[in-house]
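Below is one structure; the comments refer to it alone.
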Amino acid sequence: MAPHPGTQGLAFREGLLWERSKKGRIGISLPEQDVPRVELDEGLVGEKPALPELSEVDVTRHYTKLSTWNFGVDTGTYPLGSCTMKYNPKINEHLAGLPGFANLHPLTPYAYAQGALKLMYELERDLLEITKMHAVSLQPAAGAHGELAGMLMIHAYHAHKGKQRHKIIMPSTAHGTNPASAALCGYTPVPVQLSPDGIVTPEAIREVMDEDTAGIMVTNPNTLGIFEKHIAEIAQIVHEKGGLVYGDGANLNALMGYADIEKMGIDVLHINVHKTLATPHGGGGPGAGPVVVRDVLEPFLPVPRVMKKRERYELVWDTPLSIGRLHSFCGNFATLARALAYTRSLGRHLKDVTELAVLNANYVKSRLKGLYNLPFPQPSMHECVFNDAAQHKQGVTTLDIAKRLIDLGYHPPTIYFPLVVEGALMIEPTESESKADLDGFVEAMKTVAEEAATNPDVVKNAPQNTKVSRPDEVQAARHLILRGEIPQ
Amino acid sequence: MTSAMRYLSHTPDDIREMLEVIGVKSIEKLFDSIPLDVRRDSEIDIEPRSEWRLSREFEEMAGASNLVAFVGAGSYAHYVPAHIPYLASRSEFLTAYTPYQPEISQGTLQAIFEFQTMTASLLGMEIANASMYDGASSLAEAALMAIRVKKKPKIAVSRLNHPHYLQALRTYLRPTAFEVVELEARVDGTTDYAAMPDDVSALVVQSPNFLGVIEDLKAAAEAAHSKSALLVVSFAEAMSWGLLKNPGSQGADIVSGEGKSFGIPHSFGGPGVGMLACKKDFVRAIPGRLVGETVDKNGERAFVLTLSAREQHIRREKAVSNICSNSGHNALIAAMYMSTAGREGLREIAQLNHDKAVYLKTGLEKVGFKPLFDVPFFNEFAMTAPAGFEKRHEALLERGFFAGLKLDLFPEYQDPRYKDAYLFCATEAHTRDILDAFFATFTILKEVA
């Protein structure tokens with residue numbers, strides 16, 4: 001067996017940025033003063049901004065050292081369930097940063113922005129082709145922003161019909177952002193019971209769906225990695241009572257080339273392009289969360305939207321029923337450009353992406369069965385959920401398992417949800433991982449399971465190989481320190 | 001499965017072995033739980049491109065970028081030092097997720113702590129969050145935050161906020177019971193607070209405002225506080241705080257704005273980075289992520305995401321907002337820019353912005369433009385164009401100059417006061433040569449006309 005890739009490595013010490021600060025240093029080359037200097041009224045001018053003083057070398061060393069304390073997809077296997085951390089192709093970075101895009105002012109007259117508008121239009125066509133939906137807006141800046149757009153559209157739809165509704169059906173397998181997005185529109189989430197096999201049933205929906213319910217928010221496959229196979233019937237029940245169906249598209253990686261979103265009865269779905277379409281997440285964003293809709297919701301899409309009139313592209317603003325604007329300009333263009341580079345690189349092979357993502361999840365699941373407890377043994381799509389029930393008797397928790405995996409060289413799986421599984425370990429390998437990398441991950445999981453049984457302290461004391469170990473989160477919240485002091 | 005693709009590592013042998021372990025005959029069998037009635041009935045109709053062809057197609061769409069824009073209006077041309085994109089593209093930063101596992105995310109966490117520190121410092125506020133999407137959504141969140149703090153049903157908003165920010169604010173508040181009261185402009189291009197009702201949670205003022213005018217924030221703070229409301233200061237041009245009195249020193253309670261000017265290119269409008277800062281009393285009401293300092297089990301300084309009890313993954317519908325992904329990587333870039341420019345550099349660059357804008361304005365006056373207001377500005381100002389300019393604007397575009405933004409393109413400015421008015425901007429990125437070339441071209445066109 002090959003050794004685990006985790007190692008001590010180089011772990012540099014590096015203080016806070018301003019600990020390098022010294023009065024009189026500057027890191028930027030100032031442009032020539034080629035026009036007369038004109039002082040602003042004294043009463044308007046403030047103190048010089050209280051920022052550190054550093055050379056370019058200081059800045060370069062600081063951020064280079066910081067980067068070595070981070071684990072990214074390029075570093076190694078990152079099986080973060082429900083967050084789809086896949087390989088980010090490098091050509092996409094290059095293409096999104098072409099000077100013709102990077103230097104293009106967002107209010108440039110259309111005749112001089114045809115290429116950028118065309119790019120948006122082409123991505124819209126691809127997103128509609130992948131989902132089989134009717135219309136799209138690229139404006140939302142993230143998945144949760146797309147959820148908000150969807151909820152605002154559902155709210156506007158009911159307002160247009162003349163009667164507002166107040167409730168929204170929310171399965172417990174929904175992402176946490178779903179109820180938060182619904183709450184912004186004043187909706188009260190209505191919980192529904194899952195069946196013993198982890199999915200929503202038509203009976204449960206029939207029981208709660210009424211004429212005061214705006215609709216349902218469904219994640220499919222759900223956060224247990226299980227396909228909601230009654231989705232079409234559930235949608236029919238909701239539609240019959242005048243409600244609409246919101247689909248959370250965070251898990252679209254499991255469906256490309258297989259599912260038809262419109263046939264599922266979904267009225268609006270957001271697409272996390274930083275998940276399914278491989279744009280990097282950058283340690284917190286930016287992402288982009290376009291929304292695709294069925295025809296009933298098209299009039300409500302956020303503006304501006306890109307349109308093709310004869311051979312000319314332009315942005316359209318004046319759709320009277322639109323929910324309005326959600327972003328300063330027309331969405332996270334550079335992120336959308338990366339997404340188009342991805343769909344155009346793969347094309348029909350996007351179906352292979354889905355197949356290998358599902359193959360990888362099922363392979364890991366098969367190999368870990370018996371080592372870890374599997375609370376829902378139903379067929380999995382692109383992710384599978386284990387828990388720590390088998391390790392708990394040695395006092396080893398999911399958190400300990402996660403931390404020990406770090407020592408062995410892997411990013412831990414998601415451990416904070418789904419809420420329906422106590423001590424969940426939610427594994428999503430994605431299609432990026434080769435069989436050899438998956439075997440390495442399985443071996444690491446096996447090592448941890450053995451250690452939990454024979455030498456639990458090594459697991460409970462992990463990680464040992466990292467710069468810091470088990471930061472005190474309780475202290476961080478009790479004694480808030482949210483900023484440092486920059487010496488002046 | 002079809003032929004091999006460079007992002008996919010599996011060989012046919014790998015696939016066969018894996019299927020054996022799983023115990024199914026084919027990959028298709030793994031999709032049995034998708035009922036036939038929701039399956040698509042065709043293959044994905046997108047043609048795959050080679051990397052070579054993809055590059056050609058993108059280069060064609062990107063085209064040449066020779067247009068010089070004398071336009072800001074929420075997206076400003078600033079020089080980006082070369083080391084910044086170089087450092088920011090280190091894949092340990094770029095390909096990481098939200099730092100949920102602090103032991104292997106200290107790079108992102110410390111960088112964001114430093115961003116929070118420098119943002120708060122720049123704006124003169126006690127705390128800042130780990131970023132929002134952009135200026136418009138940040139303003140909407142700031143307004144909702146003020147309502148959470150003050151619990152009064154209205155928000156008074158200056159009409160001189162960026163029209164897109166106003167539009168986003170209206171979108172966010174439409175389904176709620178909260179009312180947006182819009183305050184009109186005075187003749188000098190500043191906001192008139194007289195019509196502000198009593199039951200407002202906040203007064204929202206942008207400075208410099210959309211027409212480039214520097215607002216008297218001290219007066220705004222007095223107007224807001226006299227009604228026991230919060231002052232929310234919004235901004236679209238972060239660079240202005242290199243020169244102007246910061247919002248905190250003028251009495252702001254919450255500050256929201258766009259930090260794109262710090263090292264992030266136009267990119268046709270996105271992504272940017274929303275900045276959001278406030279007094280520390282409101283820390284439990286602030287949306288989005290916060291990084292806090294703590295110690296690890298060995299007593300070493302460490303950083304973690306903190307106060308997650310405000311966030312959706314814990315609180316679901318009771319969370320203070322639904323924001324989850326933010327603009328973390330652009331916040332990192334903005335932090336790199338702020339630390340690179342530093343105290344002296346940012347002041348110098350800001351001063352240059354003002355100098356170039358004055359030079360542009362003086363030149364425009366010489367060729368027949370009249371200022372809309374005779375008041376101080378930072379790097380942006382509004383002017384009424386001489387007769388026949390609209391045609392010349394087209395001709396200038398053909399010659400590579402985007403010479404101002406016509407104000408009545410925005411529904412908020414379709415008013416006789418702004419007839420033939422244009423918004424102009426110059427920054428440190430506009431050399432004197434470019435400015436003089438523009439004046440020369442303008443003069444030639446005028447003579448031809």
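What follows draws every value from the coordinates through simple rules; no lab data is involved. Quantities reported herein were computed from a predicted structural model and do not represent experimental measurements. All Cβ positions, glycine included, derive from the backbone under ideal geometry; neighbour counts span all protein chains shown.
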Report task. Determine the principal axes of the Cα atoms in the stretch B:100-210, then give the extent along each, sorted from largest to smallest and rounded to whole angstroms. Result -> 53, 32, 23
Query raised in the report: Which of B:Gln101, B:Gln167, B:Gln116 moves the most in a Gaussian network model of chain B with Cα springs under 10 Å?
Result: B:Gln101
Query - Residue exposure sequence - A:Lys23, A:Lys263 - by fewest surrounding Cβ within 10 Å - result: A:Lys23, A:Lys263
Query raised in the report: Can you give the Rg to Rh ratio for the stretch A:238-283, taking only C-alpha atoms and Rh from Kirkwood?
Result: 1.08
Query raised in the report: Using the Kyte-Doolittle scale, which helices in chain A average at least 1.6 and also have C-alpha atoms spread 24 Å or more along the helix axis, with helices defined as whole DSSP H runs?
Result: none
Requested in this report: Using +1 at the Cβ of each Lys and Arg and -1 at the Cβ of each Asp and Glu in the protein assembly as shown, identify which of A:Ala424, A:Tyr112, A:Val442 lies farthest towards the dipole's positive end.
Outcome: A:Ala424
Query raised in the report: Pick from B:Phe410, B:Phe377, B:Phe113: which is most flexible by mean-square fluctuation in a GNM of chain B where alpha carbon atoms under 10 Å apart are linked?
Result: B:Phe410
Requested in this report: Name the residue farthest towards the positive end of the dipole of the protein assembly as shown from the options A:Ile169, B:Val233, B:Phe115, assuming +1 on Cβ of Lys and Arg, -1 on Cβ of Asp and Glu, about the Cα centre.
Outcome: B:Val233
Report summary line: Given unit charges at Cβ for Lys, Arg (+) and Asp, Glu (-), the dipole magnitude of chain B about its Cα centre in debye, nearest 20, is 940
Query raised in the report: What ranking do A:Lys118, A:Lys90 get, fewest neighbouring Cβ atoms within 10 angstrom at the top?
Result: A:Lys90, A:Lys118
Report summary line: Semi-axes in Å, largest first, for the stretch B:171-261 (Cα gyration tensor, √(5λ)) are 21, 16, 13
Report task. Specify the angular offset, from 0 to 90 degrees and rounded to the nearest 10, of the alpha carbon long axis of helix B:389-398 from the longest principal axis of the alpha carbons in chain B. Result -> 40
Requested in this report: Using +1 at the Cβ of each Lys and Arg and -1 at the Cβ of each Asp and Glu in the protein assembly as shown, identify which of B:Ala335, B:Ser158, B:Ala77 lies farthest towards the dipole's positive end.
Outcome: B:Ser158
Report summary line: Cα-Cα pairs in the stretch A:1-148 separated by more than 24 Å, as a whole percent of all pairs, come to 67
Report summary line: Under 5 Å from the placed amide H of B:Ile323, counting only residues 5+ away or on other chains, we find B:Gly288
Report task. Find the relative contact order for the stretch B:167-288 and round it to a whole percent, using C-alpha pairs within less than 8 Å whose residues are 6+ positions apart. Result -> 17
Query raised in the report: What order do you get for A:Phe101, B:Phe262 when you list them from fewest to most C-beta neighbours inside 10 Å?
Result: A:Phe101, B:Phe262
Query raised in the report: To the nearest 500 deg cm²/dmol, what mean residue ellipticity at 222 nm is calculated for chain B from DSSP H runs of n ≥ 4 alone, each contributing -39,500 (n - 2.57), summed and divided by the residues?
Result: -11000 deg cm²/dmol
Query raised in the report: Given the pairs A:Lys90/A:Lys229; A:Lys65/A:Lys86; A:Lys23/B:Lys279; A:Lys118/B:Lys366; B:Lys280/B:Lys318; A:Lys23/B:Lys245, which are separated by over 30 angstrom at their Cα positions?
Result: A:Lys90/A:Lys229; A:Lys118/B:Lys366
Query raised in the report: For the stretch B:10-145, with equal point scatterers placed on the C-alpha atoms only and solvent neglected, what are the log10 I(q)/I(0) values from the Debye formula at q = 0.13, 0.17 1/Å, to two decimals?
Result: -1.08, -1.19
Query raised in the report: Any idea what % of Cα-Cα pairs in the protein assembly as shown are farther than 45 Å?
Result: 26
Report task. Find the Rg to Rh ratio for chain B, where Rh is the Kirkwood radius over alpha-carbon pairs and Rg uses the same atoms. Result -> 1.04
Query raised in the report: Based only on the alpha carbon positions, what is the Kirkwood hydrodynamic radius of the stretch A:316-398, in angstrom?
Result: 17.2
Query raised in the report: Could you give the semi-axes, largest first, of the ellipsoid that matches the stretch A:243-392, computed as the square roots of 5 times the alpha carbon gyration tensor eigenvalues and rounded to whole Å?
Result: 36, 18, 16
Requested in this report: Using a cut-off of 12 Å between beta-carbons, work out the net charge of the residues near A:Ile266 (Lys and Arg +1, Asp and Glu -1, A:Ile266 not included).
Outcome: -2
Report summary line: Here the whole-number average of other chain Cβ atoms within 10 Å per Cβ of A:408-420 is 2
Report summary line: The relative contact order of chain B, taking Cα pairs under 8 Å that sit 6 or more residues apart, comes to a percentage of 19
Query raised in the report: Is the shape of the stretch A:72-144 best called rounded, prolate or oblate, per the rule: a/c under 1.5 gives rounded, else a/b larger than b/c gives prolate, else oblate, with a ≥ b ≥ c the square roots of the Cα gyration tensor eigenvalues?
Result: oblate
Requested in this report: Compute the Rg to Rh ratio over the stretch B:315-449 from the alpha carbon atoms, using the Kirkwood formula for Rh, and round to two decimal places.
Outcome: 1.11
Query - Whole-number percent relative contact order across the stretch A:156-303, with pairs defined as alpha carbons under 8 Å at least 6 apart - result: 19
Query raised in the report: Taking chain B as a Gaussian network, Cα atoms linked when under 10 Å apart, which of B:Glu300, B:Glu398, B:Glu182 shows the biggest mean-square fluctuation?
Result: B:Glu300
**Report entry** Student exercise, the protein assembly as shown dipole from Lys, Arg, Asp, Glu Cβ charges, in Debye to nearest 20
**Finding:** 640
Query - Angle between chain B longest axis and helix B:135-150 axis [Cα atoms, degrees, rounded to 10] - result: 90
Query - Only Lys, Arg (+1) and Asp, Glu (-1) charged, at Cβ; chain A dipole about Cα centre in debye - result: 380
**Report entry** Calculated on alpha-carbon atoms, Rg and Dmax of chain A in Å
**Finding:** 25.1, 77
